[in-house]
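Written below as structure tokens is the structure these notes are about.
The values are calculated or read from the model by the stated rules, or taken from the named source; none is laboratory data. Being a predicted model, the structure only gives us computed values, none of them experimental. So basically every Cβ, Gly included, is an ideal-geometry build from the backbone, and we count neighbours across all protein chains shown.
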Amino acid sequence: MATLLKLKGKYYSRIRFTIDGKQKNKLIGLGTAQAAKANRLHKKINDREILFRQGIIELDEIKNISYTNIDILTDHYFDNLHSREINKKTIDIYRLALNDFKEVYQDCDIDTVNLVYIRDFIRSKHANPHTANIKIRTVNAFMNYLYKSNHLKSQPEKLAQFKTPDKSPKYFSNRELVLILNACKLKNKELYYRAFLHLNTGIRLREIDKSELRGNLIEIYDPCKNGKPRTIPVNEITKQYFNWIKINGKHSHYFISRMFTEVLKDLNLYELPDGSTRHFHNLRDTFATVAYYLTRDIFQVAKWMGHSNNGKPAVDTTAIYANFDSELLYQDFGSKTLVIKDIQNALLRNYSLNAVTVAKAKASRVQKFNFEFAYN
């Protein structure tokens, strides 16, 4: 460990190291006669010395203690989020999460940060594992940004999230969808078109801003998630609604979500028996549940949903939609008055392009029960 020395009224850090079996000394001037400032700078020298002994930096780099302040790095990160047009409320959540990070590492060199400390700190401060995991995911995203923007010399190890109780996605049954879509149609035309579109594509509420129609596919470019475009097959009705929203839509995403919640409350479909609630986002859960029910192909559903890890479909994320009991799903979706006409027609048309999966589709219950989807 470096030693703090005072020579002729100025402070220095002394580094001792060995070359060819001989012990050497190196004095690094801290440029101050103030004890408090010298101690702060000396701590940075100690951090740099550790990196030198680990072979991460060269000896001459130990004196480079004018590294970027954590506050500046987080400001760069938030500027990047704003440039990607991420929702302000989401950025505010990230900002709160990184306050914990700054509390732990405020005076540290980012290269010396040991993420084990922040994980323990977050867990001690936030008893709810879901809240703690929001903080963990934010730290992971922040560190990954620093590496990609060359503020970190090596890829940071990803922090593991805390175990949470398994929760099944909350979907809407066919009976509920009939009620919901009828109520949306009566309440507001744009709300109805939005609900229909998101039910039949599974796209996130704000992804419509980053999407375009290409033939029978909606292509989504979403820098907020993995930066890689994905496509969703659609039929004529969905295409018409998509184009109408793009040209005539005037309501904010928040307003659409709020109107949808009002519809659920009016229909007594908002709160479930276990006390949890459902929202506009559960149209996406419904799409994923039905898509898996129709295809039994978790890999393909992961691609449609945009679940990915380093550009590859993350089937572990999508697997929650494969955990429902088949008989329960047939009870909720297997009648001849199914609402989700576009999901069956469009997805199975796209699915049949793969000869291997055709055999699966023919052997599935989709063919056996000859479902008839009808609602527009």
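Structure above, values below:
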| quantity | calculated |
| --- | --- |
| Residue, nearest to Ala38 (Cα to Cα), within the range 116-147, restricted to residues that are surrounded by fewer than 19 Cβ atoms within 10 Å (Cβ to Cβ) and among the aliphatic types (A, V, I, L, M) | Val116 |
| Options Tyr171, Tyr221, Tyr241, Tyr254; residue that is more than 30 Å from Ser326 (Cβ to Cβ) and buried (at least 19 other Cβ atoms within 10 Å of the Cβ) | Tyr241 |
| Condition met for Lys336 (at pLDDT below 55 and farther than 22 Å from Pro229 by Cβ) | yes |
| Number of the condition not met by Ala195 [criteria: (1) crowded, with 17+ Cβ neighbours inside 10 Å; (2) closer than 19 Å to Val301 by Cβ] | (2) |
| Scope the range 270-300; condition more than 26 Å from Ile256 (Cα to Cα) and of a type in the set (A, V, I, L, M); matching residues | Leu294, Ile298 |
| Verdict on Ile62 being buried (at least 17 other Cβ atoms within 10 Å of the Cβ), in contact with a Cys (Cβ under 9 Å, 6 or more places away or on another chain) and under 30 Å from Arg16 (Cβ atoms) | no |
| Test: residue in the range 227-248 that is within 22 Å of Lys89 (Cβ to Cβ), in contact (Cβ under 8 Å) with a residue 24 or more places away in the chain and not β-branched (Val, Ile, Thr) | no |
| Residues of the range 288-313 classified as free of Cβ contacts under 8 Å to residues at least 24 places away in the same chain and either among the acidic types (Asp, Glu) or buried (at least 20 other Cβ atoms within 10 Å of the Cβ) (or both), total | 4 |
| Qualifying residue in the range 267-287 (condition: without any contact (Cβ under 8 Å) to a residue 24 or more places away in the chain, surrounded by fewer than 17 Cβ atoms within 10 Å (Cβ to Cβ), in contact with a strand residue (DSSP E or B) (Cβ under 8 Å, 6 or more places away or on another chain) and not charged (D, E, K, R)) | yes |
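Residues are listed down the side, and each one gets a yes or a no for (1) over 30 Å from Tyr11 (Cβ atoms); (2) among the polar types (S, T, N, Q):
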{"residue": "Asn46", "(1), (2)": "no, yes"}
{"residue": "Arg53", "(1), (2)": "no, no"}
{"residue": "His76", "(1), (2)": "yes, no"}
{"residue": "Arg84", "(1), (2)": "yes, no"}
{"residue": "Lys88", "(1), (2)": "yes, no"}
{"residue": "Arg95", "(1), (2)": "yes, no"}
{"residue": "Asp100", "(1), (2)": "yes, no"}
{"residue": "Thr131", "(1), (2)": "yes, yes"}
{"residue": "Tyr145", "(1), (2)": "yes, no"}
